[in-house]
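S.K.: Can you read through this structure? Questions will come right after.
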Amino acid sequence: MRVTFTVNGREQEADDVWEGESLLYVLRERMGLPGSKNACEQGECGSCTVRLDDVPVCSCLVAAGQVQGREVVTVEGLADQARERGGRATDGTTLDQAKGWQAKPHGAQAAQPGQLAPIQQAFIDAGAVQCGFCTPGLLVAADELLERNSSPTDADIREALSGNLCRCTGYEKILDAVRLAAARQDEVV
Amino acid sequence: MAGTTRTPTNLTQGAKADAGIGASTLRPDGTLKVTGEFAYSSDMWHEDMLWGFTLRSPHAHARILSVDTSDALAQAGVYAVLTHDDLPTEHKKYGLEFTDTPVLADGVVRHHGEPVALVAADHPETARRAAAKIKVEYEELPVVHDEASALAEDAPLLHPGRDDHHAHEVPHPNIVHRQPIIRGDANAAARRADVIVTGEYEVGMQDQAFLGPESGLAVPGEDGGVDLYVATQWLHSDLRQIAPVLGLPEEKVRMTLSGVGGAFGGREDLSMQIHACLLALRTGKPVKIVYNRFESFFGHVHRHPAKLWYEHGATRDGKLTHMKCRIVLDGGAYASASPAVVGNASSLSVGPYVIEDVEIEAVALYTNNPPCGAMRGFGAVQACFAYEAQMDKVAAELGMDPVEFRQLNAMTQGTIMPTGQVVDSPAPVAELLRRVKALPLPPENQWESAGQTADVRALPGGLSNTTHGEGVVRGVGYAVGIKNVGFSEGFDDYSTARVRLEVVAGEPVATVHTAMAEVGQGGVTVHAQIARTELGVQQVTIHPADTQVGSAGSTSASRQTYMTGGAVKNTCEAVRDKALQLGRRRFGTFHPAWATAELLLEGGKVVTDGGEVLADLADVLGDDVVDLELEFRHRPTEAFDIVTGQGFGHVQYSFAAHRAVVEVDTELGLVKVVELACAQDVGKALNPLSVVGQIQGGTTQGLGLAVMEEIIVDPKSKVRNPSFTDYLIPTILDTPTIPVDVLELADDHAPYGLRGIGEAPTLSSTPAVVSAIRAATGLALKRVPVRPEHITGV
Ligand code: FES
Ligand code: FES
């Protein structure tokens, strides 16, 4: 079958899709968007998290056919989406007020200012990325949290990210990253 | 899809990440990882590629009577079906230490999930369905599943006619390896003891559960060779095992590391590497294989489950007199890393304590259970759980504080290990315990601190809303552990680095090329820092890891910063010397300091040790390129004597201590770990941000083993829970805050004085949590993971 839907603001089309294919498979293998990850393909890890009509979903559990005519945002679209929201581009200014923030990165990353969404920059700055396999899903979930709750408590962050497994970090620096992004958001307003 | 391939790329760090060692510079691969562009092994893609799928055994032990692939081959879209009979050479087995693992089952399957046949098709689902059409007739055989059944008189032998290097010294052919260690006279020392404490402990089978599944892409080359893009921990070890099976010289198997989604030991053994190459060479097309999570549980080895018997004695004033122990590790159907795990378990079984009289025995068994091998902590984890439980028990028997008791017996620099090896660098065991104990405790009734009503999210049971604080008891527990760093027992454990220094667009630029597997640990970050420190340049490019450069050894045993970091440092120093020679030739006559002073490279300039600038490095280099590839070795070690266990076996030791604070709902048996503090000596923190990240990650894996993680294997040796639905790893809700106190006492034998750090925090985390649960409940708790029924007794 043919499936047509909007991905990160652009209409995309895939032909010869088998009915059993997941949204995750179509994104990764047919549309050249491998950013969403495939850690379990069982709906248990959150590494494949995307926004489907704004709602975070595990794309491995969504049949591609169900997405016909709908809107998907993946990790590849986070920066554009942040810009549209009017979020300021960020170049990784450290912010000491961020709660729980201890480590002091010496300098920020190579990315050109404005190319990353604030949550992406915060993950880099806070050391929340090790192998990075959990990162795309966590970024989509954390971005959605900050969109609806600009100053989440630690308990809020833990609850919002409880569907996303990370095996490397022990989550501490992921919490730091979300706190940092929230604090930077406050600073802009 | 745009482009025909998706493969790994160079990493460069921007101008703002310009610091050397000791600074928390950010990952050079960070931007690619947050934008989704980083190319993991499962993201590899090639036009016209096929998908490979592996048919696996549903039985743990069975004879294969017949295999019929004709229906599978007849399916539309199927390009190849391979079985053991299709293997191209007489090399049909592989293995890390012993060559005992069939590439495809050879008439017998020895564990649940063993690969039997391969399919290549134009769609993953086509491949899966075709595999289901392969008809395999099995005759089930009795299984060997524990020590009693493995060593019974009439036990079926897993590998009759063994010819490996331990075969002649083991007491039974179902014992992979046995390592005793005898020092002093434990029986005589026992007579001096005022108390003697014995205990029997058990550790369940833990899974590495790295998130990036086993996967990769094999692309057949025009020269009859193959290009292989995979996630692994050691490219050259893979290569040594792959090439003979394919019947190719090693230079025709060109391996490139693709993005690795975590490893933790689970990628030391081969998984889909040979399979993908076989299918690619057979079909003449690129072949991609990606395991799903179910298959991943069968696709790699696990942590050895263990049974441990311990006896300790102590005098009334709290001095340990002796220790006896026996450790039985279940190695499963194939050897994998079992021999080295036995060496670790035995040589580290005493823990970080001074005990002069010991009697130790560790063995690994061959059984029909899933193969076990490397996992973070590697034999030391199992021992640490048992000896730390013993320390609490002896202290209680003596009426002493468990931390003070440990400090009283703690090893120090100069202590002699049971192997006779003198610990010749700092061993701040008592100090780490002091530090972790000195950290402030989380407030009592912490679930109330946010407001008047209980926040159930901070209580055992969480959002299941099982308690508002009733029946909840707090416990605090401590533990400390010792881990070796690097490959031991006489292994020639080297690493190689190639460094190129040249002028690009007027700027001096260094390129670092190694075969080091970056698995998330941050080696690439540290390599760039080292190059900046040693060469005084700002711009460093990290070349993708591949087999076009010499071996870097394994990303395991906490060794890569020491070894490949050491290799990068070593090569940079040689490159610097060459650059300075060029400078002397070009500018030596202009300034006497070129001949007389100690010269350094700093900030893109040649400077004297007095700080005087002699020249721009760019001018010194001109059009010349300095390009060197050198090997680096740590000091040699030696094998443990097979009778006494004596020998200078380990390169370096690493220490961490934990304090766990738990709250237990004693009615339901639910545990909330409230805080898990760690103090660790790291020698020198090359990148403090990464160091803390490693400690927190390792600590969390230890927590998982303490209260949730176990692969359940039934009496027929079948795996019951191969999914993230049934095998639980800690989520962000299960993981507490992890305060970290980092100590930096240099080891003079190591580059920059650093100490390998990755594994030590995984050791003491588990026993600290269990000690805290014991403190809360008063229960003995001799097995991990601790389950609710162990607490409630139902
Ligand atoms: S891959 Fe979708 S939840 Fe794990
Ligand atoms: S960084 Fe590796 S799984 Fe999260």
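The values are calculated or read from the model by the stated rules, or taken from the named source; none is laboratory data. Please read these numbers as outputs of a predicted model, since none were measured by experiment. Cβ: placed from backbone, ideal geometry, glycine included. Neighbour counts: every protein chain shown. Only protein heavy atoms, including side chains, enter the accessible area calculation; ligands, DNA and RNA are left aside. Shrake-Rupley method; radii C 1.70, N 1.55, O 1.52, S 1.80 Å.
S.K.: Take the residues in the stretch A:22-63 that are within 16 Å of ligand 2 (Cβ to nearest atom) and among the small types (Gly, Ala, Ser), then tell me which one is farthest from the chain's Cα centre (by Cα).
M.R.: Within the stretch A:22-63, the match that is farthest from the chain's Cα centre (by Cα) is A:39.
S.K.: Just to be sure, is residue B:154 at pLDDT below 95 and of a type outside the set (Lys, Arg)?
M.R.: It is true that residue B:154 is at pLDDT below 95 and of a type outside the set (Lys, Arg).
S.K.: So, one more: Within the stretch A:64-82, is there a residue that is modelled with pLDDT under 55 and away from ligand 2 (no atom under 16 Å from the Cβ)?
M.R.: Quick first cut of the stretch A:64-82, residues modelled with pLDDT under 55 only: none.
No: the stretch A:64-82 contains no residue that is modelled with pLDDT under 55 and away from ligand 2 (no atom under 16 Å from the Cβ).
S.K.: Out of B:469, B:461, B:414, which single residue is open to solvent by less than 70 Å² (accessible area, probe 1.4 Å), modelled with pLDDT of 95 or more and at positive phi?
M.R.: Working: B:469 fails: modelled with pLDDT of 95 or more; B:461 fails: modelled with pLDDT of 95 or more.
From the options B:469, B:461, B:414, the qualifying one is B:414.
S.K.: Report the residue count in the stretch B:140-150 for those that are surrounded by fewer than 17 Cβ atoms within 10 Å (Cβ to Cβ) and closer than 13 Å to residue B:60 by Cβ.
M.R.: The number of residues fulfilling the criteria is 3.
S.K.: Of a type in the set (D, E, K, R), part of a strand (DSSP E or B) and over 30 Å from residue B:91 (Cα atoms): does that describe residue B:153? Can you show your working first?
M.R.: On the way: of a type in the set (D, E, K, R): yes; part of a strand (DSSP E or B): no; over 30 Å from residue B:91 (Cα atoms): yes.
Spelling it out, it is not the case that residue B:153 is of a type in the set (D, E, K, R), part of a strand (DSSP E or B) and over 30 Å from residue B:91 (Cα atoms).
S.K.: Being of a type in the set (Val, Ile, Thr), within 25 Å of residue B:218 (Cβ to Cβ) and in contact with a Pro (Cβ under 8 Å, 6 or more places away or on another chain) is the requirement here; does residue B:83 meet it?
M.R.: So residue B:83 does not fit the description; no.
S.K.: Filter the stretch A:142-163 down to residues that are within 16 Å of ligand 1 (Cβ to nearest atom) and open to solvent by 10 Å² or more (accessible area, probe 1.4 Å) and give me whichever is farthest from residue B:695 (Cα to Cα).
M.R.: That would be A:144.
S.K.: Shifting gears a bit: Got a sec? Which strands (runs of 3 or more DSSP E) wholly within the stretch B:624-691 have at least 2 residues that are within 14 Å of another protein chain (Cβ to nearest Cβ), in contact (Cβ under 8 Å) with a residue 60 or more places away in the chain and within 26 Å of residue B:403 (Cα to Cα)?
M.R.: Answer list for the stretch B:624-691: B:652-665, B:670-681.
S.K.: Next up: Tell me which residues, restricted to the stretch B:515-529, are in a loop (DSSP other than H, G, I, E, B), within 16 Å of ligand 2 (Cβ to nearest atom) and on the phi < 0 side of the Ramachandran plot.
M.R.: B:517, B:518, B:519, B:521
S.K.: Looking only at the stretch B:598-629, count how many residues are more than 19 Å from residue B:539 (Cβ to Cβ) and crowded, with 16+ Cβ neighbours inside 10 Å.
M.R.: Qualifying residue count, the stretch B:598-629: 4.
S.K.: Out of (1) open to solvent by 30 Å² or more (accessible area, probe 1.4 Å); (2) within 27 Å of residue B:549 (Cα to Cα); (3) not hydroxyl-bearing (Ser, Thr, Tyr), the odd one out for residue B:646 is which?
M.R.: So the condition that residue B:646 fails would be (2).
S.K.: Would you point out which residue out of B:512, B:503, B:540, B:499 is in a strand (DSSP E or B), at negative phi, without any contact (Cβ under 8 Å) to a residue 60 or more places away in the chain and not acidic (Asp, Glu)?
M.R.: Of the residues listed, the single one that is in a strand (DSSP E or B), at negative phi, without any contact (Cβ under 8 Å) to a residue 60 or more places away in the chain and not acidic (Asp, Glu) is B:512.
S.K.: Same structure again: Could you list, in sequence order, the residues of the stretch A:123-137 that are in contact with a Ser or Thr (Cβ under 8 Å, 6 or more places away or on another chain) and in a helix (DSSP H, G or I)?
M.R.: A:123, A:124, A:125, A:136, A:137
S.K.: With respect to residue B:772, determine if the residue is within 21 Å of residue B:735 (Cα to Cα), open to solvent by 10 Å² or more (accessible area, probe 1.4 Å) and assigned to a helix (DSSP H, G or I).
M.R.: Judged against the criteria, residue B:772 is not a match.
Results for (1) in contact with a strand residue (DSSP E or B) (Cβ under 8 Å, 6 or more places away or on another chain); (2) at pLDDT below 95; (3) away from ligand 2 (no atom under 16 Å from the Cβ); (4) not assigned by TED's automatic domain parsing to the domain that holds residue A:42, shown as yes or no for each residue.
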residue: A:87; (1), (2), (3), (4): no, yes, yes, yes
residue: A:91; (1), (2), (3), (4): no, yes, yes, yes
residue: A:128; (1), (2), (3), (4): no, no, no, yes
residue: A:133; (1), (2), (3), (4): yes, no, no, yes
residue: A:136; (1), (2), (3), (4): yes, no, no, yes
residue: A:155; (1), (2), (3), (4): no, yes, yes, yes
residue: A:167; (1), (2), (3), (4): no, no, no, yes
residue: A:170; (1), (2), (3), (4): no, no, no, yes
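S.K.: Return yes when residue A:28 is modelled with pLDDT of 95 or more, more than 10 Å from chain B (Cβ to nearest Cβ) and more than 10 Å from ligand 1 (Cβ to nearest atom) and no when it is not.
M.R.: Spelling it out, it is not the case that residue A:28 is modelled with pLDDT of 95 or more, more than 10 Å from chain B (Cβ to nearest Cβ) and more than 10 Å from ligand 1 (Cβ to nearest atom).
S.K.: Here is a list of conditions, (1) touching a Gly at 6+ places or on another chain (Cβ under 8 Å); (2) small (Gly, Ala, Ser); (3) within 16 Å of ligand 2 (Cβ to nearest atom), and residue A:117 meets all of them except one; can you say which number that is?
M.R.: (3) is the only condition that residue A:117 fails.
S.K.: Another one. Across the stretch A:44-58, what is the number of residues that are open to solvent by 30 Å² or more (accessible area, probe 1.4 Å), within 13 Å of ligand 1 (Cβ to nearest atom) and touching a strand residue (DSSP E or B) at 6+ places or on another chain (Cβ under 8 Å)? Walk me through how you get there before you give the answer.
M.R.: Start the filter on the stretch A:44-58 by keeping residues that are open to solvent by 30 Å² or more (accessible area, probe 1.4 Å), which leaves A:44, A:53-58.
Within this subset, residues satisfying the condition of being within 13 Å of ligand 1 (Cβ to nearest atom) are A:44, A:56-58.
Within this subset, residues satisfying the condition of being touching a strand residue (DSSP E or B) at 6+ places or on another chain (Cβ under 8 Å) are A:56-58.
Residues that pass the stated criteria total 3.
S.K.: Considering only residues that are more than 18 Å from the chain's Cα centre (by Cα) and either crowded, with 24+ Cβ neighbours inside 10 Å or closer than 30 Å to residue B:379 by Cβ (or both), which ones fall in the stretch B:552-574? So that I can check it myself, show each step before the final result.
M.R.: Looking only at the stretch B:552-574, we keep the residues that are more than 18 Å from the chain's Cα centre (by Cα), and these are B:566-574.
Selection gives B:566, B:567, B:568, B:569, B:570, B:571, B:572.
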